[in-house]
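Taking it in order: structure first as C-alpha cells, then the write-up.
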Amino acid sequence: MKLIAIDDRNSLPKYKQIVLSVETAIAEKRIIRGDKLPSVNKIALEFSISRDTVLLAYEELKKRGIIYARAGKGYYVKSEEFSFEQRIFLLFDELNSFKEDLYNSFMETMDNNAQIDIFFHYFSLPVFRKLINENNGDYSKYIIMPTTLKGAAEIIKTLPKNDVYILDQTNTELEEYPSVHQNFVKDMYNALTAAKKKLSRYRKLILIFPGSKQPPGMAEGFTLFAEQNDFPYEIVPDSTITKIEKGNVYIIPNDRDLVSIIEQTIAAGLIIGKDTGIISYNDTPLKKVVHNGITTISTDFKAMGKILAEMILHQKKENIENVCMLVERKSL
C-alpha cells in the first residue's frame, strides 16, 4: 500500500506533499495509530529527493502531534485525532439553473466535509489556463468541467493526476481521469428513439446547433438517429436563419434559441405541439409551464452532483455515465 505521493508537476513543495500524503492516509484510515511510516531513506530514494526534505516533513508532523519517532526504529502514527479538511477546487463553465442544481446537490452530499471553492471559466481557454495555473498545488482535489475547450486536456494534465475528477463532459484525452459525465451521442440517439412515434407525425427534424458551447456528440447522435430511421433532417447554426414551417420539429440545445423559435412560431400563426414540434435540452422548472410544457432531453444534474460527492467521500475512481431521459410534454 503506497502512502506517499509526490508529483514533480505539483507546485506544492515536496515536503508539504509528504505531509499531505500522511494526513490523507490517516484521514482515510489507510494507516492507524501505531502503524509505521516509510523510512526517510526509502522515501528519499524512491522520489530522488534529499533526506532533509523528508525529515522536514516528518518534523512538521511531529510538532503537530500526528507522528512520533522511536530511536533507531523509525516513525510511527501517534494520533488520528487532528484537523484535516479537504480543499476542493471546483471549476464550472458557467452557472445556470441546472448547474446550480448540480452544485447544490454536490454541496449537500459533501455535508461540510470539505472546503469547496468554486470558479468559472466561461468557455474561455485563457481564463481556464489562468485559474488552473494559479491554483495548482493549493487543493487536495480538483473537479473540472472542460466542456469543449480545445487544449483543456494539456492544461489539466499539469495537475496532480490522482487528485483530478472530470465533470459533465469528457473525451478520449481525459479518459484516464475519474468522471461523472454525459454521453451526448447515446443520450440524444436514445431520447429521439423514445420519441420516435410522435416524431413520425412530423415532416422534418431540425437541430439548431451553434456548436460553440454545445458538445459535438449532440449533433452526432441526432444525425445517427435521423439517418437510421429515414427522417429528413437538417442542422442549422442559428435560430434566426431557419424558417418556421408547419410539419417541422425543432431540437434546441440553447435556451436563447428556444425563446426565438417560440416567438417565431407564434408570429407565423402556428400551434406548438400540433403544427410544429419542439424538443429542448436540459430540463428546468420553467419548461414545465411554458406553452403548456416543453418536451426536454435532460440528464439528472442533481444525481450528477450526488454521485460525484460520493466518489470523493469514498475515494472511488470510476467513469460514470449519468442518467439521461426524455421528458415528454405538450410541445411534441
Filtered residues of segment 194-240 (kept if surrounded by 15 or more Cβ atoms within 10 Å (Cβ to Cβ) and either in contact (Cβ under 8 Å) with a residue 60 or more places away in the chain or in contact with a His (Cβ under 7 Å, 6 or more places away or on another chain) (or both)) = 195, 198, 199, 202, 214, 215, 218
Helices (runs of 4 or more DSSP H) within segment 34-143 that include 2 or more residues under 27 Å from residue 301 (Cα atoms) | 97-110, 125-135
How many residues does segment 167-193 hold that are open to solvent by less than 20 Å² (accessible area, probe 1.4 Å), closer than 19 Å to residue 326 by Cα and of a type in the set (Ser, Thr, Tyr)?
-> 0
When residues of segment 122-166 are filtered for being crowded, with 20+ Cβ neighbours inside 10 Å, in contact with a Gly (Cβ under 9 Å, 6 or more places away or on another chain) and at pLDDT 95 or above, how many remain?
-> 1
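Per-residue answers, yes or no, for (1) in contact (Cβ under 8 Å) with a residue 60 or more places away in the chain; (2) open to solvent by 40 Å² or more (accessible area, probe 1.4 Å); (3) within 20 Å of residue 2 (Cα to Cα):
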{"site": "33", "(1), (2), (3)": "no, yes, yes"}
{"site": "38", "(1), (2), (3)": "no, no, yes"}
{"site": "43", "(1), (2), (3)": "no, no, yes"}
{"site": "51", "(1), (2), (3)": "no, yes, yes"}
{"site": "57", "(1), (2), (3)": "no, no, yes"}
{"site": "64", "(1), (2), (3)": "no, yes, no"}
Note on segment 29-53: residues under 33 Å from the mean Cα position of the chain (by Cα) and modelled with pLDDT of 90 or more are 30, 31, 32, 47
Checked segment 212-241 for anything in a helix (DSSP H, G or I) and under 28 Å from the mean Cα position of the chain (by Cα); matches are 216, 217, 218, 219, 220, 221, 222, 223, 224, 225
Here the residues within segment 280-326 that are open to solvent by less than 70 Å² (accessible area, probe 1.4 Å), in contact with an Asp or Glu (Cβ under 7 Å, 6 or more places away or on another chain) and of a type in the set (D, E, K, R) are none
Quick one: is residue 186 within 30 Å of residue 315 (Cα to Cα), modelled with pLDDT of 95 or more and of a type in the set (Lys, Arg)?
-> yes
Would you tally the residues in segment 299-320 being outside any helix (DSSP H, G or I), more than 29 Å from residue 30 (Cβ to Cβ) and out of contact with any strand residue (DSSP E or B) (no Cβ under 6 Å at 6 or more places or on another chain)?
-> 1
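One line per residue, one yes/no per condition, for (1) of a type in the set (Val, Ile, Thr); (2) touching an Asp or Glu at 6+ places or on another chain (Cβ under 8 Å):
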| residue | (1), (2) |
| --- | --- |
| 10 | no, no |
| 26 | yes, yes |
| 63 | no, no |
| 67 | yes, no |
| 72 | no, no |
| 81 | no, no |
Determine whether residue 108 is at pLDDT 95 or above and acidic (Asp, Glu).
-> yes
Could you please give the count of residues in segment 241-272 that are touching a residue at least 24 places away in the same chain (Cβ under 8 Å) and either among the β-branched types (Val, Ile, Thr) or under 13 Å from residue 199 (Cβ atoms) (or both)?
-> 11
Does segment 1-28 hold any residues that are surrounded by fewer than 12 Cβ atoms within 10 Å (Cβ to Cβ) and more than 27 Å from the chain's Cα centre (by Cα), and which are they?
-> 1, 2
With the condition kept exactly as written, say whether any residue in segment 245-260 is open to solvent by 70 Å² or more (accessible area, probe 1.4 Å), modelled with pLDDT of 95 or more and out of contact with any Gly (no Cβ under 7 Å at 6 or more places or on another chain).
-> yes
Any chance residue 78 is over 30 Å from residue 121 (Cα atoms) and touching a residue at least 40 places away in the same chain (Cβ under 8 Å) = yes
Apart from one, (1) polar (S, T, N, Q); (2) under 30 Å from residue 88 (Cα atoms); (3) without any contact (Cβ under 8 Å) to a residue 60 or more places away in the chain all hold for residue 183; the odd one out is (3)
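The values are calculated or read from the model by the stated rules, or taken from the named source; none is laboratory data. Here the structure is a predicted model, which means the values were calculated and not measured. With ideal geometry, Cβ positions are generated from the backbone for all residues, glycine too; neighbour counts draw on all protein chains shown. Only protein heavy atoms, including side chains, enter the accessible area calculation; ligands, DNA and RNA are left aside. Shrake-Rupley method; radii C 1.70, N 1.55, O 1.52, S 1.80 Å.
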